[in-house]
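So the structure is just underneath, and the comments pick up after that.
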Number of protein chains: 2
Amino acid sequence: MNELGIPSAHAAGRESGRATRAREVADSLTRAIHEHRLGPGMKLSEDEVGEIFGVSRTIVRAALQQLAHDQLVTIEPHRGAFVAQPSVREAREVFEARALLEPRTARSAAERATPEDIAILRRHIAQEHAALHAGQDGAALRLSGLFHIEIARIADQATIAEFIGQLVSRSSLVIALYWRRRNALCESHAHDALLKALADRDGALAEDLMKGHLLDLLSSLDLREAPGQRRSLKEALGRA
Amino acid sequence: MNELGIPSAHAAGRESGRATRAREVADSLTRAIHEHRLGPGMKLSEDEVGEIFGVSRTIVRAALQQLAHDQLVTIEPHRGAFVAQPSVREAREVFEARALLEPRTARSAAERATPEDIAILRRHIAQEHAALHAGQDGAALRLSGLFHIEIARIADQATIAEFIGQLVSRSSLVIALYWRRRNALCESHAHDALLKALADRDGALAEDLMKGHLLDLLSSLDLREAPGQRRSLKEALGRA
DNA sequence: GGACACATGATCGTATACAATCTGCGCACC
DNA sequence: GGTGCGCAGATTGTATACGATCATGTGTCC
């Protein structure tokens with residue numbers, strides 16, 4: 001059951017008197033989705049998830065509801081929770097929202113970034129490169145998303161950072177469904193350029209780079225009308 | 001217990017075979033917050049809320065977690081759920097986020113608005129005016145928020161509309177805490193002007209008007225450094 | 001041989017029960 | 001008289017139990 005690398009209950013263990021375990025489960029699931037260990041359409045049975053994490057369905061339900069709110073999973077009444085499968089339309093919307101939020105946020109970040117911030121970002125990129133070279137595609141993807149979130153944090157806008165976090169999460173699903181080619185290199189270069197702009201305190205450049213970066217990402221997707229191309233045959237034949 | 005006008009369980013009744021009752025409770029609470037029947041800092045005891053709505057704590061918890069995700073309530077471990085009290089900083093962030101999202105969305109809406117959309121908006125404004133004249137301040141405030149959400153819907157951006165919905169909700173709390181003067185008239189005029197721009201398909205004007213409208217709103221708040229001015233003394237002395 | 005009806009099993013929705021934790025009050029002690 | 005401790009009440013955190021709903025497989029009828 002645990003072939004996905006989801007940490008077991010014991011691995012999480014007594015991690016300080018943490019209040020809600022639901023958050024822990026939700027975070028683990030979120031991470032698994034970010035790293036494409038859980039793909040769009042997969043069923044998340046309450047019993048199964050609960051057994052994996054060693055918690056009862058109560059906790060699992062709370063976690064799944066959180067993910068549903070982030071639109072990472074879809075809860076179908078009386079049928080269960082499934083990893084979301086963003087439609088082409090939703091995919092576009094996610095990137096349009098990002099286009100509205102991230103460039104200006106990158107500008108703010110450039111104007112406020114401290115040397116420590118830059119160092120953190122540099123480490124992020126290094127990890128991303130390392131993961132990529134190690135062939136850990138999923139981990140690289142997750143780190144790539146964290147880079148964007150970190151920029152929002154540097155911009156000192158917690159609210160916007162939260163939104164961007166949700167959008168990055170959903171982008172991960174979009175990429176899982178609609179990714180066209182495998183040249184992740186361009187992305188890393190984009191992040192390198194962004195880092196340089198931030199380090200140089202060049203807000204205008206950072207804004208432009210971010211805008212271009214998002215457009216690149218969007219154009220690397222295959223968003224022709226195909227309402228559920230990937231596993232649609234299996235799903236469609238399975239039920240409907 | 002029900003002096004707040006929260007509809008009882010029977011009022012909600014058998015409203016079609018709706019799946020989740022938690023959503024119903026959450027919506028009622030959200031509405032109560034929007035209309036300032038529930039003010040910042042109020043405690044939402046699980047037992048109490050459950051009794052009012054005629055559901056068990058399981059449902060109430062789910063509803064409260066939803067609201068917590070929208071940052072309308074704060075859940076303190078082992079202490080309970082309270083209507084959120086946005087800090088001055090959060091208040092600023094909310095309006096900065098709105099400034100990023102709404103003007104461009106208003107432009108899109110202007111470019112896409114159908115005559116039916118305009119009619120709907122016109123009705124919204126009429127209701128808003130009526131509520132205002134009837135002295136129903138809370139209802140007017142809620143309708144005023146719905147106007148903004150409706151614009152996002154017209155722009156045909158469900159994702160952004162969702163974000164704006166959250167921000168409008170939080171704005172309601174911000175207004176409850178930091179509102180300075182009582183001249184709600186200016187706001188209505190702003191909505192009138194926006195409606196006209198939308199009807200005229202003038203995207204640029206709509207964008208400008210929305211930007212100005214948000215700035216007006218922000219400037220009508222009293223956001224001096226006062227970390228919890230309203231009930232801070234009581235709260236601060238009560239615990240901390 | 002195919003399609004519909006029904007029974008069965010699995011899964012979810014909700015309520016309730018129990019354990020853990022916090023709050024408030026009273027009392028002893030300083 | 002003030003301060004610290006300890007117990008009782010209340011409230012939340014979690015698990016489990018039970019009823020409802022849906023998916024699936026089998027048998028019969030056409």
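The values are calculated or read from the model by the stated rules, or taken from the named source; none is laboratory data. If you're wondering where the values come from, they're calculated on a predicted model, not measured in any experiment. Cβ atoms come from the backbone with ideal geometry, glycine included; neighbour counts cover every protein chain shown. Note: areas computed on protein heavy atoms with side chains; ligands, DNA, RNA excluded. Shrake-Rupley method; radii C 1.70, N 1.55, O 1.52, S 1.80 Å.
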Boolean, B:V94 is crowded, with 16+ Cβ neighbours inside 10 Å, within 16 Å of DNA strand D (Cβ to nearest atom) and at negative phi = no
Go through the range A:147-165 and give me each residue that's open to solvent by less than 20 Å² (accessible area, probe 1.4 Å) and in a helix (DSSP H, G or I).
-> A:F147, A:H148, A:I151, A:A152, A:I154, A:T159, A:I160, A:A161, A:F163, A:I164, A:G165
Looking at the range B:44-59, which of its residues are under 13 Å from B:F82 (Cα atoms) and either within 9 Å of DNA strand C (Cβ to nearest atom) or touching a Phe, Trp or Tyr at 6+ places or on another chain (Cβ under 8 Å) (or both)?
-> B:L44
Counting only residues in the range B:73-113 that are in contact with a Leu (Cβ under 7 Å, 6 or more places away or on another chain) and facing chain A (nearest Cβ under 8 Å), the one farthest from B:A63 (Cα to Cα) is identified as B:R104
For the range A:49-69, how many residues meet the condition of being closer than 30 Å to B:A99 by Cβ and within 8 Å of chain B (Cβ to nearest Cβ)?
-> 2
Of all residues in the range B:166-181, count the ones that are crowded, with 23+ Cβ neighbours inside 10 Å and among the charged types (D, E, K, R).
-> 1
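Of all residues being among the aliphatic types (A, V, I, L, M) and within 14 Å of DNA strand D (Cβ to nearest atom) in the range A:25-53, which is most open to solvent (accessible area, probe 1.4 Å)? Just the residue, please.
The initial filter retains those residues of the range A:25-53 that are among the aliphatic types (A, V, I, L, M), namely A:25-26, A:29, A:32-33, A:38, A:42, A:44, A:49, A:52.
Filter again for within 14 Å of DNA strand D (Cβ to nearest atom), leaving A:25-26, A:49, A:52.
Details: A:V25: 5, A:A26: 2, A:V49: 10, A:I52: 34 Å².
Filtering the range A:25-53 for residues that are among the aliphatic types (A, V, I, L, M) and within 14 Å of DNA strand D (Cβ to nearest atom), the one most open to solvent (accessible area, probe 1.4 Å) comes out as A:I52.
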